[in-house]
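A short worksheet on the structure shown next.
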Amino acid sequence: MLKSLPLRELKQKNKSTVTEQGLLLSRGELSSAERNIGKLLNFFGVPWSVQPFDEFLGGDRTSQATRVFCSSETYLELVKQLENSSELTRRWQENVHSAFIYSAEDETSLQELANLLGGGQVAHAVGNGGNAAAHFLVSDDAELCGVMAGVRVKASSSPTALLSGPFGRGIRSIISLNEQSAFVLARHRDIALFLSASSQIVDLDAELAGGIFDIREHALTAIPIALYVKWAFALSCWQPAEVTACLIIDDPLLKRSHGFVDFTELLSLMKRHHFSANIAFIPWNWRRSNPDVVRLFLDNSESYSISVHGCDHTRAEFGSENVQQSSARIRRALARMAEHERRSGIHHDRVMVFPQGVFSAAAMAALKQSELIAAVNNDTISADEPPLPITISDVWNVAVMKYGGFPLFTRRYPWEGIENFAFDALLGKPVLLVIHHESCRDHCRRLIDFIDRLNASKVAPVWRNLTEVVRRSYRQRRPSEGAVEVEMFATELLLENCSGEEEDFTVRREESTPSSIHEIHVDSRSIDWKATEHGVTFGTRLKAGESALIKLTFKKQEAERQERNGRSEARIMLRRYLCEVRDNYVTRGKVLFTAALGKKDDEWV
């Protein structure tokens, strides 16, 4: 543990009187690491400024609750100055809350700083090159690491430098690799220092060629600084309302079983292991649901839900660049879902899950004018030529908002690792798992093991249906007593005042064309809103314990009617039945045959 001030006291030492401030100490033109820190602080919404190192030494611009960011080289120079100036030492100890220190490119300063913090012990930077994957362990301190506490990260490569002990008393490892550390917490001159052995900071403006962010490829450039910012700026940075989760299973019909999915067995597992499942339901199947399975869904609506999985589920049916064509398919899909609801009584989540993950900017524009409130997808890069570039900041956001302001929530397969789901949750994103029926081939053994690990997290997710997940997926922060700022993503938001006092909520939402908004409702009441440079903003007041459903609707364009011929309908029907033959017989037979031969199958599908 730390020698003097416990973490809890340190975090709240200036809670009621001072605004948390970030200060980036620079010794000249900003380095790439310093620029990337600035981008990250902007992303998390915390106030910060840059100050030249010489100006910091001679001036008094720091205020209470300052969080300092600098390189190991800069900090070592600061230590020398502190030794020669009692006034600087006073200002440093009175005004600085904590500091995040990253390694300079020249690891000599990291070596010196490690020795300094080791209190005379031999603590040094050691090379650990090579391409072998590394398994990092994040500290199990939930107060410090939140949802990442205790998570093991399988990084794609080993680091170039680590800190090696034995460490001095009061130094705690936050991210470790065997007996070495990549990120430590220490105290020096009565200030908490968070020292990262990495000289690089993740660049949020970097484009993702595949559109998917994998924390295993960015472990030491992203996790240390994200953990520090979320801890050090707990009162001022964006925070999720809650960590929500849902399992999505693509394609199954509502029959007694589909492929390896047995709905009765799955329900039993959901109740025993505390999770929910959403079936990405193909609207073409609207007349084919089994009455017994329908009753199972109706009687267990807290566990089972269904969403809209395309329309006919043909290849790239939402990859067209024609908005009218996409609109027609969406209307047909929703008409089928409405008829399915009329026949079965099962209300569908108003969320689109794209078939095969293919979508276009035109499809997103068409969704914006529909009654659907969000889209969910694995892929974030559209089928357009050329597609819009997707950056790390786009996918770190709660939802990707780049496609005309209609939200695209991301989901992941379990084989992407607990670490990716935990990091998503740290960022405020919902925990959305996706599987196909093949992943249930072992009676869901591996799936349940994975879900149990998620639920065993220090901050366990709350499992809900897909509508509730996207409604509750927003960011909030408290700029002052009784005031809450909210960033909205889906076109519906369930806002809750969980405090014991009445509070004023200011809601903002990114929107590329505010003139396309028809109305904004708080419950049944239409409210005024105003356009801003990047979207819209409006306010509402909620009493203690009160909640409100906010709905944003867009102006509708007149739709063209598109006719379909009998030949295309026959092709769609043939495709759907062939897919069912594949799932129920071909895939099952192949898996069972492989098992009969005694071949081991450890891969997620």
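The values are calculated or read from the model by the stated rules, or taken from the named source; none is laboratory data. Computed from a predicted model, the values in this text were never measured in an experiment. Please note: Cβ atoms are built from the backbone with ideal geometry, for glycine as well, and neighbour counts cover all protein chains shown. What goes into the accessible areas is simple: the full protein's heavy atoms, side chains included, and nothing from ligands, DNA or RNA. Shrake-Rupley method; radii C 1.70, N 1.55, O 1.52, S 1.80 Å.
Within region 210-258, how many residues are more than 19 Å from the chain's Cα centre (by Cα) and surrounded by fewer than 19 Cβ atoms within 10 Å (Cβ to Cβ)? If you could, list the steps in order and put the result at the bottom.
Quick first cut of region 210-258, residues more than 19 Å from the chain's Cα centre (by Cα) only: 232, 235, 249-258.
Subset that is surrounded by fewer than 19 Cβ atoms within 10 Å (Cβ to Cβ): 255-256.
Here the count works out to 2.
If I ask for residues that are over 15 Å from Ile550 (Cα atoms), open to solvent by less than 70 Å² (accessible area, probe 1.4 Å) and not β-branched (Val, Ile, Thr), which ones from region 498-527 would you list?
Across region 498-527, the qualifying residues are Ser499, Glu503, Glu511, Pro514, Ser516.
Hey, can you tell me all the residues within region 290-319 that are more than 30 Å from Asp384 (Cα to Cα) and open to solvent by 30 Å² or more (accessible area, probe 1.4 Å)?
Answer for region 290-319, where residues must be more than 30 Å from Asp384 (Cα to Cα) and open to solvent by 30 Å² or more (accessible area, probe 1.4 Å): Asn290, Pro291, Asp292, Arg295, Leu296, Leu298, Asp299, Ser301, Glu302.
With the condition kept exactly as written, say whether any residue in region 429-446 is hydroxyl-bearing (Ser, Thr, Tyr) and within 19 Å of Ser276 (Cα to Cα). Step through it out loud before you land on a result.
The initial filter retains those residues of region 429-446 that are hydroxyl-bearing (Ser, Thr, Tyr), namely 439.
Checking the rest, the ones that are also within 19 Å of Ser276 (Cα to Cα) come to 439.
Yes: region 429-446 contains one or more residues that are hydroxyl-bearing (Ser, Thr, Tyr) and within 19 Å of Ser276 (Cα to Cα).
Considering only residues that are at pLDDT 90 or above, among the hydrophobic types (A, V, I, L, M, F, W, C) and out of contact with any strand residue (DSSP E or B) (no Cβ under 7 Å at 6 or more places or on another chain), look in region 52-81 and name the one that is farthest from Leu113 (Cα to Cα).
Leu78
I need a count of the residues in region 346-364 that are open to solvent by 20 Å² or more (accessible area, probe 1.4 Å), in a helix (DSSP H, G or I) and at pLDDT 95 or above. Outline the logic, then answer.
Just the residues of region 346-364 that are open to solvent by 20 Å² or more (accessible area, probe 1.4 Å), to begin with: 347, 350, 356, 358, 361.
If we keep only those that are in a helix (DSSP H, G or I) as well, we get 356, 361.
Then keep just the ones that are at pLDDT 95 or above; that gives 361.
Count: 1.
Let's see how each residue does on (1) among the hydrophobic types (A, V, I, L, M, F, W, C); (2) open to solvent by 50 Å² or more (accessible area, probe 1.4 Å); (3) at pLDDT 50 or above; (4) in a loop (DSSP other than H, G, I, E, B):
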| residue | (1), (2), (3), (4) |
| --- | --- |
| Leu110 | yes, no, yes, no |
| Leu113 | yes, no, yes, no |
| Gln121 | no, yes, no, yes |
| Val126 | yes, no, no, no |
| Asn131 | no, yes, no, yes |
| Glu143 | no, yes, yes, no |
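Per-residue answers, yes or no, for (1) open to solvent by 40 Å² or more (accessible area, probe 1.4 Å); (2) modelled with pLDDT of 95 or more:
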{"residue": "Asn420", "(1), (2)": "no, yes"}
{"residue": "Asp424", "(1), (2)": "no, yes"}
{"residue": "Gly428", "(1), (2)": "no, yes"}
{"residue": "Val434", "(1), (2)": "no, yes"}
{"residue": "Cys440", "(1), (2)": "no, no"}
{"residue": "Asp449", "(1), (2)": "yes, yes"}
{"residue": "Asn465", "(1), (2)": "yes, yes"}
{"residue": "Arg472", "(1), (2)": "no, yes"}
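Name the residues in region 188-200 that are at negative phi and either at pLDDT 90 or above or not in a strand (DSSP E or B) (or both), would you?
Keep residues of region 188-200 that are at negative phi, which gives 188, 191-200.
Answer for region 188-200, where residues must be at negative phi and either at pLDDT 90 or above or not in a strand (DSSP E or B) (or both): Ile191, Ala192, Leu193, Phe194, Leu195, Ser196, Ala197, Ser198, Ser199, Gln200.
Give the residues of region 370-397 that are buried (at least 20 other Cβ atoms within 10 Å of the Cβ) and over 20 Å from Gly210 (Cβ atoms), sorted by residue number.
If the condition is that a residue be buried (at least 20 other Cβ atoms within 10 Å of the Cβ) and over 20 Å from Gly210 (Cβ atoms), then Ser370, Leu372, Ile373, Ala374 are the ones that fit.
Look through Asn42, Asn36, Asn84 and report the one residue that is open to solvent by 60 Å² or more (accessible area, probe 1.4 Å) and modelled with pLDDT of 95 or more.
Values: Asn36 fails: open to solvent by 60 Å² or more (accessible area, probe 1.4 Å); Asn84 fails: modelled with pLDDT of 95 or more.
Exactly one of Asn42, Asn36, Asn84 is open to solvent by 60 Å² or more (accessible area, probe 1.4 Å) and modelled with pLDDT of 95 or more, namely Asn42.
Criterion first (out of contact with any helix residue (DSSP H, G or I) (no Cβ under 6 Å at 6 or more places or on another chain), modelled with pLDDT of 75 or more and open to solvent by less than 40 Å² (accessible area, probe 1.4 Å)) does Thr537 satisfy it? It would help to see each step written out before you state the result.
On the way: out of contact with any helix residue (DSSP H, G or I) (no Cβ under 6 Å at 6 or more places or on another chain): yes; modelled with pLDDT of 75 or more: yes; open to solvent by less than 40 Å² (accessible area, probe 1.4 Å): yes.
Yes: the conditions hold for Thr537.
Please go through region 173-186 and pick out each residue that is surrounded by 19 or more Cβ atoms within 10 Å (Cβ to Cβ) and either closer than 29 Å to Ile390 by Cα or not polar (S, T, N, Q) (or both).
Ile174, Ile175, Leu177, Ala182, Phe183, Val184, Leu185, Ala186
Which residues, counting only those in region 369-394, are within 14 Å of the chain's Cα centre (by Cα) and either closer than 24 Å to His135 by Cα or of a type in the set (Gly, Ala, Ser) (or both)?
Those that are within 14 Å of the chain's Cα centre (by Cα) and either closer than 24 Å to His135 by Cα or of a type in the set (Gly, Ala, Ser) (or both): Ile392, Ser393.
Suppose the filter is surrounded by 20 or more Cβ atoms within 10 Å (Cβ to Cβ) and among the hydroxyl-bearing types (Ser, Thr, Tyr); does Ser268 pass it? Break it down into steps so the answer makes sense when it comes.
Numbers: surrounded by 20 or more Cβ atoms within 10 Å (Cβ to Cβ): no; among the hydroxyl-bearing types (Ser, Thr, Tyr): yes.
So Ser268 does not fit the description; no.
Could you tell me whether Leu24 is in a strand (DSSP E or B), modelled with pLDDT of 85 or more and either within 18 Å of Leu193 (Cβ to Cβ) or in contact with a Pro (Cβ under 7 Å, 6 or more places away or on another chain) (or both)? Break it down stepwise before answering.
Numbers: in a strand (DSSP E or B): yes; modelled with pLDDT of 85 or more: yes; either within 18 Å of Leu193 (Cβ to Cβ) or in contact with a Pro (Cβ under 7 Å, 6 or more places away or on another chain) (or both): yes.
Yes.
Out of (1) out of contact with any strand residue (DSSP E or B) (no Cβ under 8 Å at 6 or more places or on another chain); (2) in contact (Cβ under 8 Å) with a residue 60 or more places away in the chain; (3) under 19 Å from Glu207 (Cα atoms); (4) not aromatic (Phe, Trp, Tyr), what's the single condition that is false for Leu388?
(2) is the only condition that Leu388 fails.
If Lys429 meets every condition in (1) part of a loop (DSSP other than H, G, I, E, B); (2) in contact with a Leu (Cβ under 9 Å, 6 or more places away or on another chain) apart from one, which number is that one?
(2)
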